[in-house]
Amino acid sequence: MMTVKDVMIRDVVCISPFAKIREALSQMKKHNIKSLVVERQNPHDAWGLITYTNILKTVIAEDGDIDLLNVYDVCAKPALGVGESLAVKHVASLMTEHRVKRMLVLRDNDLLGFVAMDDIMGALLEQVD
């Protein structure tokens, strides 16, 4: 049975909630990724997630300014998190239910990585000829 540990990405790029949207876009472009994890302010704080979709909705739809808006204005927080030993089928079902394509992988509120729908699909496709 495939678990989160089998498909998760450990190499996560984080950003401060106080960074401007321009900086977030710049990091995404530099690393060629579609999401960043938003750092916690203390150990009991929730992690956040900022994605292309969040940014598009705010900047394009609401006519927001990438130099005025901060990451925390746009990000999803708390980001949904799962444990590394959860079966991938449950993660897929959670993603569908919550309409998200990425979830953080947490252990006791410590960040281990994230899991993306694309990676789950990739793993699934590998099982097909």
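Every number here is computed from the coordinates shown, using simple stated rules; none is lab data. If you're wondering where the values come from, they're calculated on a predicted model, not measured in any experiment. Cβ atoms come from the backbone with ideal geometry, glycine included; neighbour counts cover every protein chain shown.
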Quote to one decimal, in nm, the extra length available between Thr53 and Ser26 on full extension: 0.36 nm per residue of separation minus the C-alpha distance between them. 8.2 nm
How would Cys75, Cys14 line up from fewest to most surrounding beta-carbon atoms within 10 angstrom? Cys14, Cys75
Please give the helix 117-126 orientation as an angle from the longest Cα principal axis of the chain, in degrees from 0 to 90, rounded to the nearest 10. 30
On a 20 Å Cα-Cα criterion, which of the cross-link pairs Lys30/Lys77; Lys5/Lys89; Lys20/Lys57; Lys5/Lys77 come out too long? Lys30/Lys77; Lys5/Lys77
Where does helix 88-98 land angle-wise versus the long Cα axis of the chain, in degrees 0 to 90, nearest 10? 40
Correct response: the longest run of the chain lacking exposed trypsin sites (Lys or Arg not before Pro), defined by DSSP loop and at most 11 other Cβ within 10 Å, is 11-98
Cα convex hull of the chain - mean projected area over all directions, nm²: 8.5
Calculate how large, on average over all directions, the projected area of the Cα convex hull of segment 1-53 is; give the answer in nm² to one decimal. 4.9
